[in-house]
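*Asks:* Quick one: the structure is below, and I'll ask about it shortly.
The values are calculated or read from the model by the stated rules, or taken from the named source; none is laboratory data. In this text, all values refer to a predicted model and were calculated from it rather than measured experimentally. Quick reminder, even Gly has a Cβ in these numbers, built from the backbone with ideal geometry, and neighbours come from all protein chains shown.
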Amino acid sequence: MKITDMWTFAVAQFVYVKIETDSGLYGLGEASLSGRSLAVVEALQAIKPSLVGQDATRIEFIWQDIFRGTFWRGGPILQSALAGIDIALWDLAGKALGVPTYRLLGGAARERVLLYRHVRCDSIPNMIEHAHALIHEGYSVLRISPLDAFAPAGVFDAVRGLRGAVDYMAALREAVGPETQIIFEAHTRLNPPQAVELCNGLAPYRPFYVEDPIRSENPASFAHLRSHTNVALGTGEQLHDKWTFRTLIEEELVDYLRVDICHTGGITEGRKIASMAEVHYQELACHYTASPVSTAAMLHLNLSIPNCAVQEFAPSGGWMDDVIQTSHVLEKGYLHASDAPGLGIDIDEEAAAAHPPILPDEPPHWRRPDGSVNDW
């Protein structure tokens, strides 16, 4: 089954990859990278000539050839491009054999995948109202990021934020009771001493884990945080291959790995990271790129591995349902895969063309009160 062509679709803030073969079958993948998606499109165009003519069933070979063949390898842009190709090849493999992709990854290790939803945090009353609505829909895991509320006009006040964030967590725990699990997201906004203060302040309210309490460029810094707090820690959505996860895993510096397979080289690399983590009893809590294609890819990976804790999720709806057709089923806070071959997804190219890239596609740029840069 030879690859005859590869098409790239830049749709709003998303990037999709369609790989066609001489069998008439095609696979669909996602290569979205929020804020830098058009750079990924250019990377895909550069990779395309080396992809056409290859045997589409040699997924590992193609992964290695793309990753190592550039010599200047890795990084979020190239790994996102590789992810789009890899996910499309796994979709294609399932279609060629007439089975869901998770069956090619070892079969189902679980019947369904637990989901979590993000709760709005513009105020404590609105947070509680939204949390109750999500619980009513069947979700048992929620995530909050109340530090957002302490950056008026993009200027982050860490002193007020640390105190106020704990108030948000305390109010939500009281409102939802002990059964609902709560993830607290700090989004890399704090330095290590601030992160220690936050984690210890949150401890009485039993967070599922504290996500990205500090920046992730230097995983060894989590050793300092680990030694000063007992709350569970999670990070990884900014990391892009198994080597960048290695220190976190081998030194057991975090408990949950926030792998985003659309930035981390796809299903092939995601499965390897999961295997590395299994040795250290760590579990995946996959980050969501916010498109149904990445949802389907994560679902099939998470169904097949033994160490999936939870998967980030948000319903698409609106125009996205016209662009991407899906077959997975949402039920009471869990996601189920269908029996459709491959990832159970498809793209309407005409509908996709109606939603060109959003420009400028740039994330917020936060500042500290003194005017210096703060992580968003």
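*Asks:* List pairs: first residue in the range 347-376 and at positive phi, second residue modelled with pLDDT of 95 or more anywhere in the structure, Cβ distance under 9 angstrom, at least six positions apart or on different chains.
*Replies:* G371/V155
*Asks:* Let me ask another. For A203, indicate whether it is surrounded by fewer than 18 Cβ atoms within 10 Å (Cβ to Cβ) and either part of a loop (DSSP other than H, G, I, E, B) or touching a residue at least 12 places away in the same chain (Cβ under 8 Å) (or both).
*Replies:* On the way: surrounded by fewer than 18 Cβ atoms within 10 Å (Cβ to Cβ): yes; either part of a loop (DSSP other than H, G, I, E, B) or touching a residue at least 12 places away in the same chain (Cβ under 8 Å) (or both): yes.
Yes, satisfied.
*Asks:* Right, here's the next one. Which of the residues spanning the range 275-291 are surrounded by 23 or more Cβ atoms within 10 Å (Cβ to Cβ) and assigned to a helix (DSSP H, G or I)? Walk me through it before giving the result.
*Replies:* So the first thing to find is which residues in the range 275-291 are surrounded by 23 or more Cβ atoms within 10 Å (Cβ to Cβ), and the list is 277, 282, 284-287, 289, 291.
Within the range 275-291, A277 is the sole residue that qualifies.
*Asks:* Follow-up. Looking at the range 118-140, which of its residues are polar (S, T, N, Q), over 22 Å from the mean Cα position of the chain (by Cα) and in a loop (DSSP other than H, G, I, E, B)? Walk me through how you get there before you give the answer.
*Replies:* Of the range 118-140, the ones polar (S, T, N, Q) are 123, 126, 140.
Next, only the ones that are over 22 Å from the mean Cα position of the chain (by Cα) stay: 123, 126.
Once the filter is applied, which keeps residues that are polar (S, T, N, Q), over 22 Å from the mean Cα position of the chain (by Cα) and in a loop (DSSP other than H, G, I, E, B), the range 118-140 yields only S123.
*Asks:* Return the only residue of V155, V141, V196 being touching a helix residue (DSSP H, G or I) at 6+ places or on another chain (Cβ under 8 Å) and either closer than 21 Å to Q311 by Cβ or among the aliphatic types (A, V, I, L, M) (or both).
*Replies:* Only one candidate passes the filter, namely V196.
*Asks:* Of all residues in the range 166-199, count the ones that are outside any loop (DSSP other than H, G, I, E, B) and in contact with a Lys or Arg (Cβ under 8 Å, 6 or more places away or on another chain). Before you say what the answer is, go through the steps one by one.
*Replies:* If we filter the range 166-199 for residues that are outside any loop (DSSP other than H, G, I, E, B), which is where we start, we get 166-176, 181-185, 192-199.
Still in the running and in contact with a Lys or Arg (Cβ under 8 Å, 6 or more places away or on another chain): 173, 182-185.
Qualifying residue count, the range 166-199: 5.
*Asks:* Please verify whether D255 is under 17 Å from the mean Cα position of the chain (by Cα), farther than 30 Å from A88 by Cβ and in contact (Cβ under 8 Å) with a residue 40 or more places away in the chain, treating the condition exactly as stated. First the steps, then the outcome.
*Replies:* Details: under 17 Å from the mean Cα position of the chain (by Cα): yes; farther than 30 Å from A88 by Cβ: yes; in contact (Cβ under 8 Å) with a residue 40 or more places away in the chain: yes.
Yes.
*Asks:* Further question on the same structure: Just to be sure before I move on: is G270 farther than 19 Å from N374 by Cα and assigned to a strand (DSSP E or B) in the structure I sent? Full working, then the answer.
*Replies:* Details: farther than 19 Å from N374 by Cα: yes; assigned to a strand (DSSP E or B): no.
So G270 does not fit the description; no.
*Asks:* So, in the range 347-368, how many residues would count as being within 20 Å of the chain's Cα centre (by Cα) and not in a loop (DSSP other than H, G, I, E, B)? It would help to see each step written out before you state the result.
*Replies:* Within the range 347-368, the subset within 20 Å of the chain's Cα centre (by Cα) is 361-364.
Narrowing the set further to residues that are not in a loop (DSSP other than H, G, I, E, B) leaves none.
Residues in the range 347-368 being within 20 Å of the chain's Cα centre (by Cα) and not in a loop (DSSP other than H, G, I, E, B): 0 in total.
*Asks:* Kindly indicate which of A340, A297, A314, A351 is of a type outside the set (D, E, K, R), surrounded by 23 or more Cβ atoms within 10 Å (Cβ to Cβ) and either farther than 30 Å from A232 by Cα or in contact with a strand residue (DSSP E or B) (Cβ under 9 Å, 6 or more places away or on another chain) (or both).
*Replies:* Numbers: A340 fails: surrounded by 23 or more Cβ atoms within 10 Å (Cβ to Cβ); A314 fails: surrounded by 23 or more Cβ atoms within 10 Å (Cβ to Cβ); A351 fails: surrounded by 23 or more Cβ atoms within 10 Å (Cβ to Cβ).
Step by step, each of A340, A297, A314, A351 is checked, and only A297 is of a type outside the set (D, E, K, R), surrounded by 23 or more Cβ atoms within 10 Å (Cβ to Cβ) and either farther than 30 Å from A232 by Cα or in contact with a strand residue (DSSP E or B) (Cβ under 9 Å, 6 or more places away or on another chain) (or both).
*Asks:* Which one is surrounded by the most Cβ atoms within 10 Å (Cβ to Cβ), of the residues in the range 206-224 that are at pLDDT 95 or above and touching a strand residue (DSSP E or B) at 6+ places or on another chain (Cβ under 7 Å)?
*Replies:* P213
*Asks:* W72 is checked against (1) out of contact with any His (no Cβ under 6 Å at 6 or more places or on another chain); (2) under 28 Å from S304 (Cβ atoms) and fails just one. What number does that condition carry?
*Replies:* (2)
*Asks:* Exactly one condition in (1) of a type outside the set (G, A, S); (2) in a loop (DSSP other than H, G, I, E, B); (3) out of contact with any helix residue (DSSP H, G or I) (no Cβ under 9 Å at 6 or more places or on another chain); (4) under 16 Å from S80 (Cα atoms) is false for W243; which is it?
*Replies:* (2)
*Asks:* Anything in the range 321-343 that is charged (D, E, K, R) and either free of Cβ contacts under 8 Å to residues at least 12 places away in the same chain or part of a helix (DSSP H, G or I) (or both)? List them, or say none. I'd like the intermediate steps shown before the answer.
*Replies:* Initial filter on the range 321-343 (charged (D, E, K, R)): 321-322, 331-332, 339.
Across the range 321-343, the qualifying residues are D321, D322.
*Asks:* Further, regarding this structure: Among the residues of the range 138-184, which ones are among the charged types (D, E, K, R), surrounded by fewer than 20 Cβ atoms within 10 Å (Cβ to Cβ) and touching a strand residue (DSSP E or B) at 6+ places or on another chain (Cβ under 8 Å)?
*Replies:* R173
*Asks:* How many residues does the range 245-270 contain that are among the basic types (K, R) and surrounded by 18 or more Cβ atoms within 10 Å (Cβ to Cβ)?
*Replies:* Of the range 245-270, the ones among the basic types (K, R) are 246, 258.
Now restrict to residues that are surrounded by 18 or more Cβ atoms within 10 Å (Cβ to Cβ): 258.
Residues that pass the stated criteria total 1.
*Asks:* I've got another one for you. Mind listing whichever residues of the range 296-320 are touching a residue at least 24 places away in the same chain (Cβ under 8 Å), within 23 Å of L134 (Cα to Cα) and not in a strand (DSSP E or B)? Break it down stepwise before answering.
*Replies:* Kept after step one, since they are touching a residue at least 24 places away in the same chain (Cβ under 8 Å), are these residues of the range 296-320: 296-314, 316, 319-320.
Remaining after also requiring within 23 Å of L134 (Cα to Cα): 296, 298-299, 302, 308-314, 316, 319-320.
Matches in the range 296-320: A296, M298, L299, N302, F313, A314, S316, W319, M320.
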